[in-house]
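Each remark here refers to the structure printed beneath this line.
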Protein chains: 2
Amino acid sequence: MIDLSRLRVLVAVAREGSVTAAAEALHYAQPSVSHHLTKLEAEVGVPLLQRMGRGIRLTDAGRLLADRAESILAQVESLHVELDELAGLRTGRVRLMAFPSALATLVPLAAARVTAEHPGIELSLSEAEPPEALSALRNNDVDVALIFEHGDPPQRDRRDITMTPLLAEPLYVVTPADRTWSGPRAELTSYAGDRWIAGCERCREHLVAACARAGFSPAVDFETEDYVAVQALVAAGLGVSLLPGLTLVANRHPGVRLDRVDGLGRQVLAAVCGKPPASKPAQVLLDALTATIAEPAWPS
Amino acid sequence: MIDLSRLRVLVAVAREGSVTAAAEALHYAQPSVSHHLTKLEAEVGVPLLQRMGRGIRLTDAGRLLADRAESILAQVESLHVELDELAGLRTGRVRLMAFPSALATLVPLAAARVTAEHPGIELSLSEAEPPEALSALRNNDVDVALIFEHGDPPQRDRRDITMTPLLAEPLYVVTPADRTWSGPRAELTSYAGDRWIAGCERCREHLVAACARAGFSPAVDFETEDYVAVQALVAAGLGVSLLPGLTLVANRHPGVRLDRVDGLGRQVLAAVCGKPPASKPAQVLLDALTATIAEPAWPS
DNA sequence: GGCTTCCATCGGCGCGGCCTATGATTCATA
DNA sequence: TATGAATCATAGGCCGCGCCGATGGAAGCC
């Protein structure tokens, strides 16, 4: 493999016109330059220069090699510049995958923060439920995954993944604003006889589990991942629901009443691949997310 | 200065997906690859890869560097190919400068020989009198100079220049075909009383010197570098002339008579810059010229 | 829990880079 | 012509760096 230092020497000789001048320009001793040229000629197998009086002159091959080398060295130089820009966060990329209600609440604030502090960083966003987000993370399709857990035991295959807790998200019982109930409004047992509207699959499982702990089995008549639709259904009197805080921050239907259920909640986490520290752009996004979580004010 | 071997290692790691596989592909030991990667990261100052389980994964910076490196390595490879073509005479260039009568006689034959044997070599031709040709040779405007000497003592500044004798060119007295002279036709003294037509400046000087040696001073009425015109002038009865053989090989006016003057002549030489061996393409041209000189048949 | 796989670290050996000193050649000058 | 200056090539020595084999530590698979 040819050595770039040698090429740099040849370029200097071509530019300066003599071995001695090139050595001076490179802060080398003159014999070092001579030696480099000898080795370079041996490597490429072509005479690169001929002695002319007490000086030298490049052959056609030498001129060709020097020209090409100059271009290659320039590319290497610009490569260094590119890498320095990456290192200095003047450029970069981070891909975030988040679950819907976070994408509507936390993510815009964090994204604004990132682009304000580091205009060069390109941020791309996509939406997915936690299992898909973790899968994408492992598959290197995204750099950060914003997920939630219902106090689930951490899955086994998360060794490579670093979780950063962001937020303890409360859960609310969502009921029609114009109805009255007997019993405490903030306890599930008060709605044991009602029809339920469930969110995504994992949320439904969590609902069933929470009701079971409260001593009843909920009658789930509707199931939709659209949390806007859930509130509309509740307001229309078709049932009651259990919704996480972020969905209510994102969207609040005037025809529903919210009652925060103590002892229930989800944990919102940011997941990145590998051990800390994460890559610089990912770390910037994580910092922006943690800086954002102080802000959301939970509904009533 | 970054090392191309390191870049090649990184490219192999990117391509193979693991350090061990890259080491195998490169016929390196695994620790050597690890070491290269560590050094490379230190040089560029950016993390290039992160451990993932028991394997590794390239960071964005690593991917960028590997991509750029692949391009650079490809250029180095094609550079080697170009140089090999130069070395193998499958390509190349040689610039010849010759005096007019040689350009009309020897050069076409030699040029045909060169392009027949080495179709890849680009041959460029130009015309100049010997002093200008030598100057161009020293100035690196041409690679080979075809010149003549009237037995001149070699000039002082020809240390860097290698002369290859090609041809001893005879000189002819050119007289009108329909005139008669008293005295031997092949001796200058027979034409002491005639008017003379001289060629180029150096030829005129030589003519005057030769006549002086013969014991008279020629009356030079016409002077032209156009050897075709010289014969036409002679044929028209405007004077006599002394022309070198090659000009007569190139062009023969039917109205003139030629008489070879023994003891007079020019030496035709090929000059190249520097000590032998000359550059390969120049050597090819020199060989073609020496192979050509056997051919010219001097007039009558 | 043991085995395998993978990467990082360590200690060595030798090649190769860079240096200073010296030789050889050529050009300029007295 | 002979001496001095300038330039490149060669020789010898020191030291850093690349490569290797051996070993250690972490993670996945049975």
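Quick note: the coordinates plus some simple rules give every number you see, no bench work behind them. Note that the structure is a prediction, hence the values are computed from the model and not measured. We place every Cβ from the backbone using ideal geometry, glycine too, and count neighbours over all the protein chains shown.
Overview of values
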read-out: Stretchable slack from A:D178 to A:A294, in nm (0.36 nm times residue separation minus alpha-carbon distance); value: 38.5 nm
read-out: Cα-based Kirkwood hydrodynamic radius, the stretch A:1-158, one decimal, Å; value: 20.3
read-out: Percent of beta bridges antiparallel (DSSP, the protein assembly as shown, rounded to nearest 5); value: 65
read-out: Inter-label distance for A:E43 and B:V228, nm, one decimal - labels placed 7 Å from Cα along Cα-to-Cβ; value: 5.5
read-out: Reduced Cα scattering model of chain A, Debye log10 I(q)/I(0), q = 0.10 Å⁻¹; value: -0.67
read-out: Calculated P(r) of the stretch B:42-94 - Cα pairs past 18 Å, %; value: 55
read-out: Shortest-first distances to equivalent copies, position A:E24, nm, label 7 Å out along Cβ; value: 5.5
read-out: Inter-site label distance for A:A209 and B:A168 at 7 Å from Cα along Cβ, in nm; value: 11.2
read-out: Gyration tensor verdict on the stretch A:84-145 (Cα atoms; rounded if a/c is under 1.5, prolate if a/b is larger than b/c, oblate otherwise); value: oblate
read-out: Spin-label model distance (nm) - A:R185 vs A:E122, 7 Å beyond Cα toward Cβ; value: 5.0
read-out: Percent of alpha-carbon pairs separated by more than 19 Å within the stretch B:141-300; value: 58
read-out: Mean shadow area of the stretch A:169-211, taken as a quarter of the surface of its Cα convex hull (nm²); value: 3.5
read-out: FRET efficiency, 1/(1 + (r/R0)^6) with R0 22 Å, evaluated for A:Q267 and A:L109 via beta carbons; value: 0.70
read-out: Copies compared at A:E122 - label distances in nm, ascending, label defined 7 Å from Cα in the Cβ direction; value: 3.9
read-out: 3J(HN,Hα) from dihedral phi, the stretch B:251-260, Karplus parametrisation 6.51/-1.76/1.60, rounded to Hz, x for glycine, proline; value: 8, 10, 7, x, x, 10, 10, 10, 9, 5
read-out: Taking only Cα atoms of the protein assembly as shown, radius of gyration then Dmax in Å; value: 45.1, 154
read-out: If the convex hull is drawn through the Cα atoms of the stretch B:260-300, its volume per residue in Å³; value: 88
read-out: For chain A, built as a Gaussian network whose Cα springs stay under 10 Å, the top-fluctuating residue of A:H150, A:H80, A:H36; value: A:H36
read-out: Integer Hz, Karplus 6.51/-1.76/1.60 couplings in order for the stretch A:7-22, x for Gly and Pro; value: 4, 4, 4, 4, 4, 5, 5, 5, 6, 7, x, 8, 5, 4, 5, 4
read-out: Loop-resident sites, the stretch A:1-78, for trypsin sites (Lys or Arg not before Pro), counting at most 14 other Cβ within 10 Å (DSSP); value: A:R54
read-out: Principal semi-axes in Å for the stretch B:209-278 [√(5λ), Cα gyration tensor, largest first]; value: 28, 18, 12
read-out: Set of lysines with alpha-carbon distance to B:K280 below 25 Å, sequence-local pairs under 8 removed; value: A:K39
